[in-house]
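Reviewing the structure listed below.
The values are calculated or read from the model by the stated rules, or taken from the named source; none is laboratory data. Quantities reported herein were computed from a predicted structural model and do not represent experimental measurements. With ideal geometry, Cβ positions are generated from the backbone for all residues, glycine too; neighbour counts draw on all protein chains shown.
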């Protein structure tokens, strides 16, 4: 007698659940590895600085170690913030508060917080362009897209267009990366942006929009206000 049963509609089959669990384990393995490396760098540079004589600590060697430590800590911070936001969004634990947001003002604020060595950003935003979204979530998504697009780019361009009830925010810069959750063995990102695209993809979905990649770059679609 065949005991095979079809799972109720909408529920994953045992094989599908096993595949999902395997994919999640592989993703968490990547996250752990990605965080562990810069954290180790921050720890050993801190230990070395503690051992330096005061004169040497304030000299060229101390400055070099401090710079290494700062970059490592900044990388860890980005990774942890993106990972935790992904987890909260997946669990439905983030209180989304939509409001009307003027894109020119919001985008300008995000760009102004970019690091000093970030490529210049050309902005093409029509007057009056606005979306209905949670401010903090949309800012996080745009920060992630700009930070990722800056890889191997001398300049970025952000163009805003509207089609019906949707506003498209296109971010063009360096070669686009994958929007999928990275898994163990995937290439590392020395800037700490390895989880920025998966985070932005989740934000887009929670806001009722989407994030795609085409020949222009990253295209973030958000409901118009």
Discussion item. Scan the range 83-106 and tell me whether some residue there is within 30 Å of residue 48 (Cβ to Cβ) and at pLDDT 95 or above.
Written reply: yes
Discussion item. Residue pairs, Cβ under 6 Å, 6 or more apart or interchain, first in the range 93-117 and farther than 13 Å from residue 138 by Cβ, second part of a loop (DSSP other than H, G, I, E, B) and at pLDDT 95 or above. List them.
Written reply: 104/125
Worksheet, complete the sentence: The residue that is surrounded by the fewest Cβ atoms within 10 Å (Cβ to Cβ), considering only those in the range 112-123 that are in contact with a strand residue (DSSP E or B) (Cβ under 9 Å, 6 or more places away or on another chain) and outside any strand (DSSP E or B), is 120
Worksheet item: Which condition number in (1) farther than 20 Å from residue 190 by Cα; (2) out of contact with any helix residue (DSSP H, G or I) (no Cβ under 9 Å at 6 or more places or on another chain) is the one that residue 99 fails?
Response: (2)
Worksheet item: Taking strands (runs of 3 or more DSSP E) that fall entirely within the range 124-220, which contain at least 1 residues that are without any contact (Cβ under 8 Å) to a residue 24 or more places away in the chain and more than 27 Å from residue 75 (Cβ to Cβ)?
Response: 156-163, 210-214
